[in-house]
Amino acid sequence: MSVAKLNIASVLVGDSKQDFRLRTPDAQDANARLDLLVACVHQAVTAGCRVVVLPAGFFVVASCAERDALEQVCLAQLAGEPILVAFGIDVRPAKKGGARKGDVEETPGDKFSVGKASAASEQAGYDLFGYVVEAGQFLISRIAQTGITTEEVQRTISDAECDARCKSSRLLGGAKVALLLCGEVRSEAWHTAMGTRAPDLVLHLAHASVPLGGTSNESWTKSVDGLMQELPGTAVWAFADHIRAMGHWDSASGLVPLVRRVCGASVPQVSADPVAHEIPATMYVYAAA
């Protein structure tokens with residue numbers, strides 16, 4: 001199944017890498033992000049998009065229990081929306097016995113409230129999860145990031161995880177959609193595993209200020225190219241992260257596209273518009289046709 005006629009919205013959220021790292025679980029932030037999620041979906045649907053890609057770590061919560069509750073709130077907010085929505089939730093446990101800077105009490109009208117972190121979640125460290133929702137139901141549910149470097153992920157892990165990452169979408173006419181989280185794109189094991197599943201669309205959610213362009217050692221250009229070499233020629237890759245500049249640039253070629261087709265044919269950018277919300281965000285719409 002091809003995704004030859006498809007509008008895709010990639011959303012960049014305006015946090016610097018440092019600001020992103022300093023985010024703490026906070027009910028006001030969670031509710032603002034829920035509002036931003038809905039605003040992005042409505043803007044994408046109005047623009048004729050069938051897919052909207054939001055960054056990894058779009059939400060930050062303090063415990064797995066809060067993550068579980070937030071998952072259900074997101075499903076309720078997206079019920080009936082005729083679009084695929086990809087986003088991430090990071091679990092960042094509290095320090096010093098559960099106290100967190102920025103904790104607030106639940107107030108009437110809040111969609112989601114932040115509570116105390118559990119002892120188990122404090123011991124677990126940061127957990128990073130990704131999701132794809134289709135018309136208010138999980139198409140790809142609670143995928144945990146497996147690594148960030150080339151050799152960190154073993155082939156046995158990527159092979160075992162990959163079937164849960166690749167699902168056929170009813171809204172996209174049976175096209176196979178895959179989910180990749182942040183630095184996993186640097187893993188050759190994930191390149192190979194994705195290639196064996198032959199997805200039509202890879203949704204790549206990253207955290208913050210990823211160097212997409214250039215030829216430096218830090219650049220992800222070669223990693224993305226390596227992934228795409230393993231995919232079918234008609235497949236499409238779509239990306240989102242947090243970045244204050246609201247765009248990724250290469251000193252040689254200018255603005256780096258957030259949506260690419262494997263075969264090398266360019267994917268036209270239709271628009272780049274701010275999202276009407278207090279949290280700064282820009283939506284890039286591409287016509288994958």
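We did not get these values from a lab; they are worked out from the coordinates using the rules stated. Predicted, not measured: the structure shown is a model, and the values here were computed from it. Note: ideal-geometry Cβ built from the backbone for every residue, glycine included; neighbour counts use all protein chains shown.
For K167, which aspartates and glutamates qualify as cross-link partners when the Cα separation must be under 14 Å and same-chain residues fewer than eight apart are set aside?
The reachable aspartates and glutamates, counting only those whose Cα sits under 14 Å from K167, are E134, D200.
In the Gaussian network model of the chain, springs joining C-alpha atoms below 10 Å, which of L34, L12, L84 carries the largest mean-square fluctuation?
Sorting by GNM fluctuation, first place goes to L34.
Once R0 is set to 30 Å, what does the formula 1/(1 + (r/R0)^6) return for the Cβ-Cβ distance between S141 and D35, expressed as a FRET efficiency to the nearest 0.05?
0.85
Across segment 73-83, in residue order, what do the Karplus-derived ³J(HN,Hα) couplings come to in whole Hz, using 6.51 cos²θ - 1.76 cosθ + 1.60 with θ = phi - 60° and x for Gly and Pro?
Calculated HN-Hα couplings, in order: 5, 4, 4, 5, 5, 9, 4, x, 6, x, 7 Hz.
Taking the dipole about the Cα centre of segment 190-282, with the C-beta of Lys and Arg at +1 and of Asp and Glu at -1, give me whichever of T221, P257, P199 is farthest to the positive side.
Value: P199.
With n ≥ 4 as the cut-off for DSSP H runs, can you work out [θ] at 222 nm for the chain, using -39500 (n - 2.57) per run divided by the number of residues, rounded to the nearest 500? Intermediate results must be reported in sequence, preceding the final value.
On the way: 7 runs with 78 residues, N = 289.
Value at 222 nm, helices only, nearest 500: -8000 deg cm²/dmol.
I'd like the Karplus ³J(HN,Hα) series for segment 130-142: coefficients 6.51, -1.76, 1.60, θ = phi - 60°, whole numbers in Hz, and an x wherever there's a Gly or Pro.
So the Karplus estimates, Gly and Pro as x, are x, 9, 10, 10, 10, 6, x, 10, 5, 8, 10, 10, 6 Hz.
Determine the principal axes of the Cα atoms in the chain, then give the extent along each, sorted from largest to smallest and rounded to whole angstroms.
If we take the Cα atoms of the chain, the spans are 51, 42, 38 Å.
Taking Cα pairs under 8 Å and at least six residues apart, what relative contact order does segment 142-289 come out at, in percent? Intermediate values should be presented prior to the final figure.
Working: 273 pairs, mean separation 25.3, N = 148.
This gives 17 percent for segment 142-289.
Using only Cα atoms, what is the ratio of the radius of gyration of segment 170-239 to 2.2 N^0.38 Å?
Working: Rg = 12.2 Å, N = 70, 2.2 N^0.38 = 11.1 Å.
Ratio of Cα Rg to 2.2 N^0.38 Å: 1.10.
Relative to the first principal axis of the alpha-carbon coordinates of the chain, what is the inclination of helix 27-46, with its axis defined by its Cα atoms, in degrees from 0 to 90 and to the nearest 10?
With rounding to tens, the tilt is 30 degrees.
Only Cα pairs under 8 Å and at least 6 apart count here; give the relative contact order of the chain as a rounded whole percent.
Working: 690 pairs, mean separation 71.9, N = 289.
The value is 25 percent.
Taking the Cα-to-Cβ direction at Q28 and at E188 and moving 7 Å from each Cα, how far apart do the two end points lie in nm?
With each label placed 7 Å out from Cα toward Cβ, I get 4.9 nm.
Antiparallel DSSP bridges in the chain: what percent, to the nearest 5?
Values: 34 of 55 bridges.
Close to 60 percent.
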